[in-house]
1. Sort TRP133, TRP171 so the one with the fewest other Cβ atoms within 10 Å of its own Cβ comes first.
2. State the antiparallel share, in %, of DSSP beta bridges confined to the stretch 3-188, rounding to the nearest 5.
3. With runs of 4+ DSSP H residues as the only contributors, calculate the mean residue ellipticity of the chain at 222 nm using -39,500 (n - 2.57) per run, divided by the residue total and rounded to the nearest 500.
4. Give the order of HIS92, HIS37 when sorted by the count of other beta carbons within 10 angstrom, beginning with the fewest.
5. Name the residue, out of GLY59, GLY16, GLY42, whose mean-square fluctuation peaks in a Gaussian network model built on the chain with Cα pairs under 10 Å.
6. Percent relative contact order of the stretch 59-189, based on C-alpha pairs within less than 8 angstrom and at least six residues apart?
7. State to the nearest 20 debye the size of the charge dipole of the stretch 40-189 about its Cα centre, where the only charges are +1 on K and R beta carbons and -1 on D and E beta carbons.
8. Express in nm, to one decimal, how much length is gained between GLN11 and ALA183 on full extension, taking 0.36 nm for each residue of separation and deducting their alpha carbon distance.
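No lab work stands behind these numbers, since they all come straight from the coordinates. For clarity, every value in this text was computed on a predicted model and none was experimentally measured. A quick note on method: Cβ atoms are made from the backbone with ideal geometry, for glycine too, and the neighbour counts reach across all protein chains shown.
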Amino acid sequence: MAYSELYKRVQTQPNGRVKTSWIRDQIIDLTHVCRVHEQWTGHLNPEVLRGFYIEGPLGPPVPVEKNEILIVLARDIPKTDRRIVFTKELMHTFDEEEEKTNTAEKFSMQIEKFGDPNLPTSPQFAAEGKAYWRAIGVLCTEKKRLELRDALNEGNATMEIVATQLKLPTWVTHDIMRDDFEAIINHLK
């Protein structure tokens, strides 16, 4: 299933701000995923790692069956960041096979890349950016995004107001309001 179908369904949402539970349900409806487990943990330092995505099958301590996914989130991430972090991890469902971080070696390479910008970009590292942009593409409808952008341009709103309306951190709303937003999203569809 292509991300484009999810994006199309998002545009039918009446209120503009899309709930993460609705997005999760659409992922289950549109993909091979039959269940999404969510686990909050105090073992992640949110300044280093806010969350991660695991596809089953996976054995104990947290059993995940085939076609199920587990999204692990740092308990201490700010409340304003929870929607973007959860949705970004959920978007890894759309990763191509070569983009998946499905081995310990790939995970280690990815973590090393975050710490050393001189290392070559791996498909897994590139998938992080794609997942982020896919997430911000489905957290509000295009109609709502354009309404908020118009309000910003007319001086009737600030980025903080937009962030509050979308229940997202301000740093994310800056990307949602970028002039090249549509081009970036269209490239991912």
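1. On the way: TRP133 17, TRP171 12.
Going from least to most buried by this count: TRP171, TRP133.
2. Working: 7 of 14 bridges.
Within the stretch 3-188, antiparallel bridges account for around 50 percent of the total.
3. Details: 9 runs with 91 residues, N = 189.
Rounded to the nearest 500, it is -14000 deg cm²/dmol.
4. On the way: HIS92 23, HIS37 16.
Ranked by crowding around the Cβ, least crowded first: HIS37, HIS92.
5. Ranking GLY59, GLY16, GLY42 by mean-square fluctuation puts GLY59 first.
6. Working: 88 pairs, mean separation 32.5, N = 131.
The normalised contact order for the stretch 59-189 reaches 25 percent.
7. On the way: 19 positive and 25 negative charges, 97 e Å.
Computed charge dipole of the stretch 40-189: roughly 460 debye.
8. Details: separation 172, 0.36 × 172 = 61.92 nm, distance 1.66 nm.
60.3 nm is the gain from fully extending GLN11 to ALA183.
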